[in-house]
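Taken together, the values in this text are just the output of simple stated rules run on the coordinates, not laboratory data. As the structure is a computational prediction, the values presented were derived from the model and not from experiment. Cβ placement follows ideal geometry from the backbone for every residue including glycine, while neighbour counts extend to all protein chains displayed.
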Amino acid sequence: MVLKDFTIPFIGLKEGKHQFDYQIDNTFFELFDFDEFNNAAVNVVLDFHKKTTMLELSFKATGTVNVNCDVTNEPYEQPIEGKLDLIVKFGHEYNDENEEILIVPHGEYEINVAQYIYEMIVLAVPSKRIHPGIADGTLQSEILEKLEELQPGTEKKETEEEIDPRWNTLKKLLTDK
């Protein structure tokens, strides 16, 4: 997979709606030197609407990425859904300052959508990645067991018998007035 696979030569397309499908896996993210996913299986559908003066692009992504849990570091499949709408207009010079509008120079005949697909998928992953087994209690992990063991407030309460007998003598001073 190379970035040119994501180049759409719109000059040859008829006006109207067109659809492009992309199957995204880890080789795609390697092109961007992005290695936070153990694996990826994402389907991206691009609805490409060519009009006389502009292009309307609507990206939709669904699939899963395999990531490590932020708590236990256990890998799990994170379902993702992403959506991105982009309007491409023609102007004197290239301008991508607005995230919803891209201006390309007059005479441009193709557009590469790889960067938009990359950003949409990366932003669709939650910032805090928690293994679903933590919430429902099904995940068995040494790290999780150690975290529960070290959690504050779970120490055993000392019973009266375990208290040093010298404290009892001091308590007597408080009550003997």
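For the range 16-112, what does the relative contact order come out to in percent, with C-alpha contacts under 8 Å and a separation of six or more?
This gives 20 percent for the range 16-112.
Provide the convex hull volume over Cα atoms per residue for the range 3-137, in Å³. Display every interim value, and only then the final one.
Working: hull volume 14.8 nm³, N = 135.
About 110 Å³ per residue, rounded to a whole number.
List the residues whose amide H sits under 5 Å from the amide H of I8, counting only those 5 or more places along or on another chain, with H placed 1.01 Å from N in the peptide plane.
I111, N112, V113
Please report the antiparallel percentage of the DSSP beta bridges confined to the range 3-137, to the nearest 5.
Among the beta bridges of the range 3-137, antiparallel pairing accounts for roughly 90 percent.
Using amide H atoms built in the peptide plane, which far-off residues or other-chain residues are under 5 Å from E74 H to H?
Distant-sequence amide H within range of E74: C69.
Please give me, ordered by residue number, the GluC sites (Glu not before Pro) of the range 1-97 that lie in loop per DSSP and have at most 16 other Cβ atoms within 10 Å.
E15, E36, E93, E97
Treating only the Cβ of Lys, Arg, Asp and Glu as charged (+1, +1, -1, -1), what charge dipole size does the range 3-137 show about its Cα centre? Round to the nearest 20 debye.
520 debye
Within the range 18-65, list the trypsin sites (Lys or Arg not before Pro) lying in a DSSP loop whose Cβ has at most 13 other Cβ atoms in a 10 Å radius.
K51
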